[in-house]
Protein chains: 2
Amino acid sequence: MSTNEQLSVFALGGLNEIGKNMYAIQYGEEIVVIDCGNKFPDESLLGIDLIIPDVSYLVENKEKVRALIVTHGHEDHIGGIPFFLKKLNVPVYATQFTLGLIELKLKEHKILRESELIAIDSNSSLTFNNLRVNFFRVNHSIPDCLGTVFYTPEGAVVHTGDFKFDLTPVNKQYADIHKMAKIGEGGVLLLISESTNAERPGLTPSEKQVGEHVYEAFQKAKRKVIISTFASNINRVQQVVEASRLTNRKLVLLGRSMVNVVQVAMNRGYLDVPEGMIIESDQIEQFPPEQIAILCTGSQGEPNAALSRLSSGNFRGVEILPEDTVILAAGPIPGNERNVTRIVDNLYSIGANVIYGSGSTTGMHVSGHGSQEDLKLMLTLMKPKYFIPVHGEYRMLHHHQMLAESVGVEPGNTFIMNNGDVVDIQNGIARQTRSIPAGNTYVDGIGVGDVGDIVLRDRKQLSEDGLLIIILTMGKRDGSLLSPPDTITRGFVYAKDNEELLKEVNQLVTKTVNEQREGNRNDWGRIKRQVKKSVGQYLFAQTKRKPMILPIIIEF
Amino acid sequence: MSTNEQLSVFALGGLNEIGKNMYAIQYGEEIVVIDCGNKFPDESLLGIDLIIPDVSYLVENKEKVRALIVTHGHEDHIGGIPFFLKKLNVPVYATQFTLGLIELKLKEHKILRESELIAIDSNSSLTFNNLRVNFFRVNHSIPDCLGTVFYTPEGAVVHTGDFKFDLTPVNKQYADIHKMAKIGEGGVLLLISESTNAERPGLTPSEKQVGEHVYEAFQKAKRKVIISTFASNINRVQQVVEASRLTNRKLVLLGRSMVNVVQVAMNRGYLDVPEGMIIESDQIEQFPPEQIAILCTGSQGEPNAALSRLSSGNFRGVEILPEDTVILAAGPIPGNERNVTRIVDNLYSIGANVIYGSGSTTGMHVSGHGSQEDLKLMLTLMKPKYFIPVHGEYRMLHHHQMLAESVGVEPGNTFIMNNGDVVDIQNGIARQTRSIPAGNTYVDGIGVGDVGDIVLRDRKQLSEDGLLIIILTMGKRDGSLLSPPDTITRGFVYAKDNEELLKEVNQLVTKTVNEQREGNRNDWGRIKRQVKKSVGQYLFAQTKRKPMILPIIIEF
């Protein structure tokens, strides 16, 4: 081991945010990447579809990057993979179910054939020059999730992936608690653990609880049942299948991602569906309503997904009728609450019985992320020397630090970092003193990375106060106005109702142009700036609005 | 009583929404209006500041409108008053505290002097031709709230205003439970009751609970305390004053609405503040931090309010320092969660202790609206024959109907209505068969009502995919293109990075124009439509984006 080599750990996404997770463990000249997710924009990012991590640093160091390990198949862990592989085609290691979801994405991006995908499970072991990687099973709201442990010359680094402790897991998918205990006993130098629910006291309830409530609701439902949940939550889907079986219902799948993901799960042995239970939507009429259950997408209120379209009567061939039971079996992700309540309102006005919310007596949802007692248990099992909380906004990372210190991590040994910050460990001592480039890359339509701040700023101004175009035809020879200015407005005021205002604007423009000409003939730039300034001031005084003002000069 | 006269009840706002409450009771030729509020737009209403009820129907019937009764001083009950009075200057009846808040608004709009404002209390009685109006005190998250009872020839109509039952109210502001019972005993034909928390089981806790938690937090705080809440929640402010007194802290008020509303409350006897407790922000340094409490606005994370600016270090003269305690004593109104968590993150990274959330052990907030047991108690006290749930989105109205039926209101006697629907009662029988015009009026900057659907739709397109302007100079005589087209983009792509794309667009435009000319010389409209179509299709195929395309033809 060269005395210059050290262990370095950094994130390119997932710190101070929920989404676009991407972590890296580096020893010497080897980097192994963990996860590559995406993030969905909030309303201020107008017209942007997706945000992915800026991977420039890895591209510049491409010869060092050995592998991409993927902990599980959620979008915020796999959504960036197609874009990443197009820049750096590294081997991808993931469990069977996770690979199935990744393959769906790579097919969409037409790069499946060139990609190197290697199936692993909790018994796999990967060896690189200085890094040996083992795995352990964890519970989460999707099947087949792994935590990783990196054995490095400095010591063991554990990355939990996303997890909770579910002691009564569906389909007997027990977590590897004994293995986790052994890893901890062997000494853990650094633990990297997810912080999503670090603000929530107690334990996160078991998925089994949802299954019981779903079954009760299926029993009570007098007509057909429509239940929406995340397609990737195959354990919940299994419980829907079970409830359908026990109440003698056929099952219809609605929504492209539901159909696709269920297919992957069935093919790879993660979902057990009785023969003949699944029927097509055009067969619904062949059965009485109390023998029908519909499993659909759209639990987040997404306007184009199945549930929203069903709730507004826009789903061809399938109708929600009065006395049908609709179950929203997923908690609204923060930001989606209004979309969800809009659908609930629609469903009530159709006359359906609606079950939603996650109260513990009727709750149709439990989180996939560990609450405080789960997180403390993980910290206790691993007993790390150093701790990096990840996968959370600042207050979640902060709370996770406090939990760590409450179970014995020394104060000063927890690093709350930003994306790009690097923790270096050498001779057993960890420091965070440097950073590498990190940031957001925006995906908009087909374009990746070409919507920058200027474009976003323009969209924002256009969205708030609209646009005023002023067309000036100027003589090339003498810089004079050849005809009165023309104005075109969009998104500002309705022109027909505001003729007076726009007439005043034209007069002001003419005056401004003539004043400018006296000093500086043909200085179009100066003329445009002055027009923008004087018209902008005038409009704000009259209307308190600030539309984008675009003077256009056509010279003849 | 003319055999043609009947009792009519309708809403112009507040049904199928939270906000812009405006209700009306009509008997014969007399209308009394209850409340006139505003609503804040969601993100889809780009650039709109406020939404108020469309009052055209009342303006058309102005000679019938006798009075505006205001139940309490929240924005969603008073925010539309200045705009309404400018169209219809009717007398306004409200309690002293409510009037104080209304006067602040009327001053801003410069119409205070022309307005007729009459102070009432729970013992007042108003008499019109066929309507006699009495009042009763209710508890809410603002002082001095009233319910109303209208005695009409058909029978008694009760409007609850916003309410909960707080049996340990701050400042001994007990609700008139005995009076409510008497009103019910006398027979209530119709109850109009608010539905905000109709989905929540149980009782809403007392405001006193918040006071206890606030006091505990003040005691534990080692340095200064910064606490944010709604200025109008004077009862909560009183408890902050009390906690400051008990922990020997001076009190600083930050934020214009906090200063104004506290002033109104103190002047009119609703807030009791020990002499000398309130100091200015520039006096903070004269006291050790443990003797300072700061009460500020911004509990909803509003970017321009005090708390947000403090959390980003942008409040001149006042700083939040490590170990300061920050308390968010207000629940986030749905839609504001992200603004609030952003501030919490900032505060944690400053190193402050942050207390937020409404869990019952540490909760710094209780709702002002009654939960299911409170609503059932009101229904039981009033024992109405007919019931109209108001002040809620559909699912809340629906749940309230179920509560009413569970305590004895006959099925079929509850009306779930839309704004504009009218319930007519004649000879004791109620029917909902007709509607009057109702809707939204948008306030944007100074303009009221001039931002219609077309302007909003344009802003939406501009915000999502931006704008492409194509300038065509055409010969008047022969309709030919006099020079190559010019393109200007805003908010679409960054032109310098996309020269190839824009060059292709220019060539496509030239081709389209020349094709069109062959058929139809100088048909500018047709040429523009074809250019929009062909360029739109091309851009979508290339970029999957749909910018607004504006061809502009200058003819010479």
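Taking max minus min of the alpha-carbon positions on each principal axis, segment B:192-332 gives extents of 52, 32, 30 Å, largest first.
Computed with a 1.4 angstrom probe on protein heavy atoms, the B-A interface buries about 4700 square angstrom of accessible area in total.
Compute the angle between helix A:96-108 and the longest alpha-carbon principal axis of chain A, please, reported from 0 to 90 degrees and rounded to the nearest 10. Result, in degrees: 20. Accessible-area loss of 10 Å² or more (1.4 Å probe, protein heavy atoms, chain alone versus all protein chains) is found in segment A:507-556 for A:Q542, A:T543, A:K544, A:R545, A:M548, A:L550, A:I552, A:I554, A:F556.
Return a whole-number percent for the relative contact order of chain A, with Cα pairs under 8 Å and 6 or more residues apart as the contact set.
15
Dipole magnitude for segment A:145-185: computed about the Cα centre from +1 point charges on Lys and Arg Cβ and -1 point charges on Asp and Glu Cβ, it is near 160 debye. With every protein chain in place and a 1.4 angstrom probe, the accessible-area ranking of B:E323, A:E275, B:E63, largest first, reads A:E275, B:E63, B:E323.
Under a model in which nothing but the beta-carbon of Lys, Arg (+1) and Asp, Glu (-1) is charged, the protein assembly as shown shows a dipole of about 1680 debye around its Cα centre. If the limit is 25 Å between Cα atoms, which of A:K208/A:K383; B:K39/B:K250; A:K460/A:K532; A:K39/B:K39; A:K503/A:K533; B:K476/B:K511 go over it? Flagged as over cut-off: A:K208/A:K383; B:K39/B:K250; A:K39/B:K39. DSSP bridge analysis restricted to segment B:453-555 gives an antiparallel fraction near 45%, rounded to the nearest 5.
Take the alpha carbon gyration tensor of segment A:92-152, find the square roots of its eigenvalues, order them as a ≥ b ≥ c, and report rounded if a/c is under 1.5; if not, report prolate when a/b exceeds b/c, else oblate. Don't skip to the end; give the middle numbers.
Values: a/c = 3.10, a/b = 1.40, b/c = 2.21.
Because a/c hits 1.5 or more and a/b fails to exceed b/c, segment A:92-152 counts as oblate.
In chain B, the longest principal axis of the Cα atoms and the axis of helix B:499-519 are about 70 degrees apart. Give me log10 I(q)/I(0) at q = 0.18, 0.29 Å⁻¹ for segment B:265-318, Debye formula, one equal scatterer per alpha-carbon, no solvent. Debye output, listed in q order: -0.79, -1.11.
The figure for B:D345 is an accessible area of roughly 20 square angstrom, using a 1.4 Å probe on the protein chains alone.
Antiparallel beta bridges, as assigned by DSSP with both residues in the protein assembly as shown, represent about 55 percent of the total such bridges. A:M266 contributes about 70 Å² of solvent-accessible surface, heavy atoms of the protein only, 1.4 Å probe. Excluding same-chain neighbours fewer than eight residues apart, the lysines reachable from B:K110 by a Cα-Cα span under 18 Å are A:K544, B:K86, B:K87. Normalised per residue, the accessible area of the protein assembly as shown is 42 Å², obtained with a 1.4 Å probe and no contribution from ligands, DNA or RNA.
Taking a 1.4 Å probe, which of A:I553, A:I429 shows the most accessible area, and what order do the others take after it? Don't skip to the end; give the middle numbers.
Values: A:I553 35, A:I429 75 Å².
So the residues, ranked largest to smallest area, are A:I429, A:I553.
Counting only protein chain heavy atoms and rolling a 1.4 Å probe, the accessible areas of B:Y23, B:Y270 rank, largest first, as B:Y270, B:Y23. With label points set 7 Å from Cα along Cα→Cβ, the inter-copy distances at B:S125 are 9.3 nm, sorted shortest first. What percent antiparallel are the DSSP beta bridges of chain A, to the nearest 5? Around 55 percent antiparallel, to the nearest 5. In the assembly of identical copies, B:G202 has its label point, taken 7 Å from Cα in the direction of the beta carbon, separated from the corresponding points by 1.0 nm (ascending, one decimal).
Computing Rg and the Kirkwood Rh from the Cα coordinates of segment A:453-555 gives a ratio, Rg/Rh, of 0.98.
Relative to the other identical copies, A:Q263 shows label-point distances of 6.8 nm, where the label point lies 7 Å from Cα along the Cβ direction and values run shortest first. Could you tell me whether chain A comes out rounded, prolate or oblate from its Cα gyration tensor? Rule is a ≥ b ≥ c as square roots of the eigenvalues, rounded for a/c under 1.5, then prolate if a/b exceeds b/c, otherwise oblate. It is oblate, given that a/c is not under 1.5 and a/b is not larger than b/c. Kirkwood's formula applied to the C-alpha pairs of the protein assembly as shown gives a hydrodynamic radius of 33.1 angstrom.
Rolled with a 1.4 Å probe across the full set of protein chains, the surface gives A:S281 an accessible area near 40 Å². Counting only Cβ charges, +1 for Lys and Arg and -1 for Asp and Glu, the dipole size of segment A:453-555 around its Cα centre is about 280 debye.
Accessible surface of segment A:453-555, 1.4 Å probe: 44 percent of it comes from carbon and sulfur atoms. Farthest toward the positive end of the dipole of the protein assembly as shown, out of A:I554, A:L126, A:N260, is the Cα of A:I554, where the dipole comes from beta carbon charges about the Cα centre.
The values are calculated or read from the model by the stated rules, or taken from the named source; none is laboratory data. Source: prediction; values computed, not measured. FYI the Cβ positions are ideal-geometry reconstructions off the backbone, even for glycines, and counts take in every protein chain you see. Keep in mind that these areas ignore ligands, DNA and RNA; they rest on the heavy atoms of the full protein, side chains included. Shrake-Rupley method; radii C 1.70, N 1.55, O 1.52, S 1.80 Å.
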